[in-house]
Amino acid sequence: MHINISPTKTEVAKNFSDYLKELIKENKTTHIALSGGSTPKVVFDYMAEHYKDVDWSTVHLYWGDERCVPPTDSESNYKMTVDHLLSKINIPKDNIHRVRGEDLPELEAGRYGKVLEEELPIVNNTPQFDLVILGMGDDGHTASIFPHEIDLWDSTNNCEVAVHPDSGQRRITITGKLINNATTVAFLVTGGSKAEKVRSIITKEEGHESYPASLVSPSSGELIWFLDEEAAAQIN
């Protein structure tokens, strides 16, 4: 596990963008599972503005989770990525593999799971991303696997349908076997509201296993936490 602490959310975005730029440069092809949320939004803005020399033609983009809404909906992770990154860079349309949030969730979970099998290298009999980007909620959820549905983590399927515990909104999420099969997994976590869960998970406090984010343990050993000082306040 590697822990990268930056003073501010903007510095987290810069440091992660530097890391991502080098990863893309090193790989002939880079398959990345994106995350929604406020921190990736800052990352996308930063990369679009400062890294215009990135060769996006070698990058394939996927989503680790998506809300079951149309791609024009303000809740859509895809729309957020279009607004903050895709509309500002030169990337082939065939390299963008979106979750069809407007379709019937159960059917889309199956379809997207097959897309991942067709597009990604198969390692350990499982599709393998070069990088999975994850956020973490105040409740310790990651991707769209929430504590009340933590069993979804161990699903044998590539993708599952999850339900948000408060809104009841349905979501498509990749499962634990794909996350932990990735070459590298990177958490982007900022803000003081995350500090308690960050401490609990990183220091493996009693009961941390009830948080889905604590189950992230890639078999490669390559797990990186990109934190701001507020999120990291209780592990210093």
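The values are calculated or read from the model by the stated rules, or taken from the named source; none is laboratory data. Values in this document were obtained by computation on a predicted structure and should not be read as measured data. FYI the Cβ positions are ideal-geometry reconstructions off the backbone, even for glycines, and counts take in every protein chain you see. Side chains included, ligands, DNA and RNA excluded: accessible areas come from the protein's heavy atoms. Shrake-Rupley method; radii C 1.70, N 1.55, O 1.52, S 1.80 Å.
Plugging the Kirkwood radius over Cα pairs into Stokes-Einstein for the range 2-232, at a temperature of 25 °C and a viscosity of 0.890 mPa s, what D comes out in µm²/s?
Details: Rh = 17.6 Å.
The estimated diffusion coefficient comes to 140 µm²/s.
Note down the nm distance, to one decimal, between modelled labels 7 Å out along Cα→Cβ at K204 and at I122.
3.4
Give the separation of the Cα centroids, the range 45-59 to the range 99-115, in Å.
After rounding, the separation between the Cα centres reads 28 Å.
Excluding ligands, DNA and RNA, what is the solvent-accessible area per residue of the chain at a probe of 1.4 Å, expressed in Å²?
Details: 10440 Å² over 236 residues.
I get 44 Å² per residue for the chain.
Once you put a point 7 Å from the Cα of T58 and another 7 Å from the Cα of D166, both along the Cβ direction, what distance in nm separates them?
About 4.2 nm, to one decimal.
Tally Lys and Arg at +1 and Asp and Glu at -1 over the other residues with C-beta under 12 Å from the C-beta of K197: what net charge comes out? All intermediate terms of the calculation are to be shown ahead of the outcome.
Numbers: positive: K194, R199; negative: D138, D139, E196, E205.
Net local charge, K197 excluded: -2.
Summarise the accessible area of the range 2-232 (1.4 Å probe, protein heavy atoms) by the percent that is carbon and sulfur. Let's see the in-between values first.
Values: 4610 of 10000 Å².
Carbon-and-sulfur percentage of accessible area, whole number: 46.
Could you pull out the GluC sites (Glu not before Pro) across the range 33-83 that fall in loop regions by DSSP (anything but H, G, I, E, B) with no more than 13 other Cβ atoms inside 10 Å? Please report the intermediate quantities before stating the final value.
Working: sites: E49, E66, E75; in loops: E75.
Within the range 33-83, no GluC sites (Glu not before Pro) qualify (loop, at most 13 other Cβ atoms within 10 Å).
Given bins 10 angstrom wide, list per bin the percent of all Cα-Cα distances in the range 64-125, short to long.
Pairs per bin, as whole percents: 21, 45, 30, 4.
Using 0.36 nm times the number of residues separating Q234 and D151, minus their current alpha carbon distance, what extension gain do you get?
Numbers: separation 83, 0.36 × 83 = 29.88 nm, distance 2.83 nm.
Between Q234 and D151, full extension yields an extra 27.1 nm.
Could you give me the percent of Cα pairs per 5 Å distance bin for the range 42-158, shortest bin first, beginning at zero and ending with the bin that holds the maximum distance?
Here the calculated profile for the range 42-158 is 2, 10, 16, 23, 22, 16, 8, 3, 0.
What pairs from K28/K194; K14/K197; K114/K194 go past 29 Å between their alpha carbons?
Values: K28/K194 35 Å; K14/K197 24 Å; K114/K194 34 Å.
Beyond 29 Å between Cα atoms: K28/K194; K114/K194.
Mean separation of Cα pairs under 8 Å and 6+ residues apart, divided by the residue count of the range 2-232: what relative contact order is that in percent?
Working: 478 pairs, mean separation 54.4, N = 231.
This gives 24 percent for the range 2-232.
At E196 and E26, where each label point lies 7 Å from the Cα along Cα→Cβ, what is the point-to-point distance in nanometres?
About 3.7 nm separates the two model spin labels.
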